[in-house]
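See below for the structure under consideration.
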Amino acid sequence: MRAAALRALQFRDRARLAWLHALHPGLQVHSRAATAFAAARFNLAPGARLRIAAGAATERIFAALSFVIHQGGEVVVEPGAWLRTEAGPVVITAWPGARIVVGAGALLNGCSLSAKQSVAIGPRAVIGIGSRIYDADQHDFDATRPEQSAPVQIGAHAWLASDVTVLRGVQIGAHSIIGARSLVQRNIPPHTFAAGAPATVKGQVGDRSTAR
């Protein structure tokens, strides 16, 4: 009985995804991605692109996962990435012409990403609950100082703990760890533990390739 109910639920999910694809030609959800992506909120402008690869996963919690992609924007969710919504919503916003990549096997856990140029999350990186990544100031400072933006890159196997904020132009190196409630305004080298507001180097980190 349970197996039949699950098959029926997956059939309904696939039907919804097929309808969403017809509604948004730029939407591509691989047949081997979790059918639970049907529960996400998709706000795709004309010319927006969203690709979700095989093995990508999320929970079936209605509208807990949101994709907001403006004209010419692109979001790529690579194989095995987990957009986890059990502890909080995941919101991914690509502004006009911007690109966001969630690397293979990466974990986004109740966090938000916003790009006006580019945000790249490396393979098997972990972004913790309540964390926010912005590649732009979001608003003009005043009449003489307009908004600025610069690409953000989070390296492979990096871990951002809870409530971390990453600002424009920052590169966080592979295997690095950022402590909870940190504000990252400057580049963090690979294999580094950094924390604070602003985040500063506190120590070194070894190989995290087997960590999760």
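The values are calculated or read from the model by the stated rules, or taken from the named source; none is laboratory data. For clarity, every value in this text was computed on a predicted model and none was experimentally measured. Don't worry about glycine lacking a Cβ; one is built from the backbone with ideal geometry, like all the others, and counts go over all protein chains shown. Surface areas here come from the heavy atoms of the whole protein model, side chains and all, with no ligands, DNA or RNA. Shrake-Rupley method; radii C 1.70, N 1.55, O 1.52, S 1.80 Å.
In table form, for the structure just shown:
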| item | result |
| --- | --- |
| Any pair with Cβ under 7 angstrom, 6 or more apart, that starts in region 14-30 at a residue that is under 22 Å from GLY72 (Cα atoms) and ends at one that is open to solvent by 40 Å² or more (accessible area, probe 1.4 Å) and in a helix (DSSP H, G or I) | LEU27/HIS21 |
| The one condition in (1) within 13 Å of the chain's Cα centre (by Cα); (2) surrounded by 20 or more Cβ atoms within 10 Å (Cβ to Cβ) that GLY73 fails to fulfil | (1) |
| Tally of residues being touching a Leu at 6+ places or on another chain (Cβ under 7 Å) and either surrounded by fewer than 17 Cβ atoms within 10 Å (Cβ to Cβ) or of a type in the set (S, T, N, Q) (or both) across region 113-158 | 1 |
| Residues being at pLDDT 90 or above and of a type in the set (Phe, Trp, Tyr) - total across region 6-33 | 1 |
| Pair list, Cβ < 8 Å and 6+ apart or interchain, from region 133-145 residues that are at pLDDT below 70 to residues that are surrounded by 10 or more Cβ atoms within 10 Å (Cβ to Cβ) and in a loop (DSSP other than H, G, I, E, B) | GLN138/GLU147; HIS139/GLU147; ASP140/PRO146; ASP140/GLU147 |
| Single residue of ARG84, ARG32 found to be out of contact with any strand residue (DSSP E or B) (no Cβ under 6 Å at 6 or more places or on another chain) and open to solvent by 10 Å² or more (accessible area, probe 1.4 Å) | ARG32 |
| Whichever residue in region 85-96 is within 12 Å of the chain's Cα centre (by Cα) and in a loop (DSSP other than H, G, I, E, B) and, among such residues, is nearest to HIS157 (Cα to Cα) | THR85 |
